[in-house]
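Chemist: One structure, pasted below without further comment.
Read-outs throughout are calculated quantities, based only on the coordinates presented, and are distinct from any laboratory measurement. These numbers come from a predicted model, not from an experiment. No Cβ is skipped: glycine too gets one built from the backbone with ideal geometry, and neighbour counts run over all protein chains shown.
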Ligand SMILES: [Cu+2]
């Protein structure tokens, strides 16, 4: 009887502890790097999903579905105090987002073709207006504008 009670308490404590660890570690989301949108083959060189909303402390894994892409944060389009990232070609990188805000990122070889994406962390409005003002070129300008329009 006494043993069963102790065992119950220990198990309960372990469950609590593992909940706490999960909360700190956050969830891992996946963004795929692809040669074409699986829903629209005319839409070439894409991150899917192009817009991802996550909680502060969550992570994003940039997964290689097709070769020839990378993921790099775009200067000026991440919040103050956030770490920029710059993945190599065909590199699967996992980024943990501890600073809330709007993060714009690009695929370097396909920037001019508009291969860009947004990750929105927590209260992403903190730098949203600043992020929109950053000058982009070519297809990236058009693609970022389209993504920002989807938010309003
Ligand atoms: Cu690309």
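Chemist: Let me check against my output: what whole-number percent is the relative contact order of the range 26-151, with C-alpha pairs under 8 Å and at least 6 apart? Could you put the intermediate results ahead of the total?
Modeler: Numbers: 287 pairs, mean separation 30.6, N = 126.
Reported relative contact order: 24 percent.
Chemist: Here is a follow-up. Could you state the per residue volume, in Å³, of the convex hull enclosing the Cα atoms of the range 28-135? Each step should come with its number before you reach the end.
Modeler: On the way: hull volume 10.0 nm³, N = 108.
For the range 28-135, the hull spanned by Cα atoms encloses 92 Å³ per residue.
Chemist: What nm value, rounded to one decimal, do you get for the distance between residue 53 and residue 99 when each label is placed 7 Å out toward the C-beta?
Modeler: 2.3
Chemist: Here is a further query. What ranking do 152, 125 get, fewest neighbouring Cβ atoms within 10 angstrom at the top? Display every interim value, and only then the final one.
Modeler: Working: 152 6, 125 12.
With the sparsest Cβ surroundings first, the list reads 152, 125.
Chemist: Could you list 63, 133, 74, 145 in order of exposure, starting from the residue whose Cβ has the fewest other Cβ atoms within 10 Å? Write down the numbers at each step before the final one.
Modeler: Working: 63 15, 133 9, 74 20, 145 12.
Listed from fewest to most nearby Cβ atoms, that is 133, 145, 63, 74.
Chemist: In the range 26-152, what % of DSSP beta bridges are antiparallel (nearest 5)? Before the final figure, lay out the partial values.
Modeler: On the way: 18 of 28 bridges.
Approximately 65 percent, going by the DSSP bridge assignments.
Chemist: Test of understanding: ordering 105, 111 by Cβ neighbours within 10 Å, fewest first, what list do you get? Intermediate results must be reported in sequence, preceding the final value.
Modeler: Numbers: 105 25, 111 19.
Arranged by neighbour count, lowest to highest, 105, 111 become 111, 105.
Chemist: Can I ask one more? Multiply the residue separation of residue 142 and residue 130 by 0.36 nm, subtract the distance between their alpha-carbon atoms, and state the gained length in nm to one decimal. Mind showing how you got there, number by number?
Modeler: Details: separation 12, 0.36 × 12 = 4.32 nm, distance 1.68 nm.
Computed gain between residue 142 and residue 130 is 2.6 nm.
Chemist: Please compute the length gained on full extension between residue 90 and residue 41, using 0.36 nm multiplied by the number of residues separating them and subtracting their Cα-Cα distance.
Modeler: Details: separation 49, 0.36 × 49 = 17.64 nm, distance 2.09 nm.
The residue 90-residue 41 span can extend by a further 15.6 nm.
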